[in-house]
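This is the structure I have questions about; it appears just below.
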Amino acid sequence: MKDIYDNASIKIKRAPRNLDGMKFHPRLARVTKLRDRFRVDVILQSGEIFENVRIPGPFLLETGKKAHGRTYPIQKNQLVLVGFSFGSHRSPIIIRAYSHYGIDEDIENVREFWDEFSSKFDMENDIVDFHKSGYFIRQTTDKIEIYDKEKELIGEIDFSAKKLTWKLEDIDIESKVKIKGDIEIEGKIKSKGDFELDGKFSATGLVSSDEDLEAAGIKFKPHTHQYSPGPSPVAPTGPAQSGGA
């Protein structure tokens with residue numbers, strides 16, 4: 001099948017006699033260039049080229065420095081559907097972006113992706129956000145799952161079990177943490193700074209300290225110096241007693 005976009009040239013295949021006199025219906029197109037400000041260039045399946053076409057994105061608030069919603073990153077050569085307000089060529093807009101490439105030569109990537117992921121996801125019910133660096137987030141029944149680029153599950157929120165699970169090498173937290181409930185830790189605990197406890201402390205193993213332990217004013221570490229009772233009391237003195245009368 002011949003590629004409808006004819007990638008050998010991006011020039012317009014045919015020039016309509018009068019664009020203003022034509023009524024444009026929604027048409028499939030291929031993205032040829034990515035621009036800033038949520039715009040792209042496209043070439044329609046019929047050969048017309050449009051520049052600076054708006055793409056879907058978050059709503060920009062009046063301040064211009066805040067937005068509400070989600071971005072939908074579109075890639076070069078991606079297949080898109082272009083609509084035209086009132087059928088006018090002067091108001092094109094991207095209605096929808098599709099998973100497929102806009103060129104037949106790259107159709108093999110659809111098969112490779114499907115072979116890799118179709119067995120992992122429920123394509124009917126799951127919502128999955130992918131990033132080209134490799135990681136992705138899956139929203140499935142009662143769960144949100146986070147996968148790394150090796151497709152290993154590293155995080156999970158289970159709403160039915162009310163459970164959060166992380167499988168990471170390191171977790172850094174730079175804030176105050178308040179936990180209400182029981183804590184169970186398997187492994188070593190390393191702490192820097194003071195430790196305050198309001199309640200009972202119990203241990204089934206050895207409790208050690210490089211300094212000393214003190215409870216109720218009593219220190220547990222033995223001292224190395226010897227006890228010294230101080231000098232002996234002075235013997236009482238008085239008048240000398242004579243030996244005879």
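Taken together, the values in this text are just the output of simple stated rules run on the coordinates, not laboratory data. Remember, it's a predicted structure, so these values are computed and weren't measured experimentally. Neighbour counts are summed over all protein chains in view; Cβ atoms, including those assigned to glycine, are modelled from backbone coordinates with ideal geometry.
Under 16 Å Cα to Cα from K76, which lysines show up? Leave out anything in the same chain fewer than 8 places away.
K33, K132
Take peptides 208-214, 183-189 and line them up by average Cβ neighbours within 10 Å, highest first, as a rough protection proxy.
Ranked from most to least packed, the peptides come out as 208-214, 183-189.
Which ³J(HN,Hα) values, rounded to whole Hz and listed in residue order, are derived for region 85-97 from phi using the Karplus coefficients 6.51, -1.76 and 1.60 in 6.51 cos²θ - 1.76 cosθ + 1.60 with θ = phi - 60°, glycine and proline given as x?
5, 6, x, 8, 5, 7, 9, x, 7, 6, 8, 7, 10
Also: Over the Cα atoms of region 120-170, what radius of gyration and what Dmax do you get, in Å?
11.1, 35
Please list, by residue number, every one of the trypsin sites (Lys or Arg not before Pro) in region 26-67 that is coil in DSSP and has at most 14 other beta-carbon atoms within 10 Å.
Answer by residue number: R37, K65, K66.
Identify all lysines with a Cα-Cα distance to K23 below 22 Å; exclude those on the same chain that are fewer than 8 residues away in sequence.
The qualifying lysines are K11, K13.
Just tell me which lysines come within less than 27 Å, Cα to Cα, of K192; anything on the same chain fewer than 8 places away is out.
Excluding near neighbours in sequence, the set is K167, K176, K178, K180, K200, K219, K221.
For region 110-145, which GluC sites (Glu not before Pro) are in a loop by DSSP, counting at most 10 other Cβ atoms within 10 Å?
Counting only loop positions with at most 10 other Cβ atoms within 10 Å, the GluC sites (Glu not before Pro) in region 110-145 are E124.
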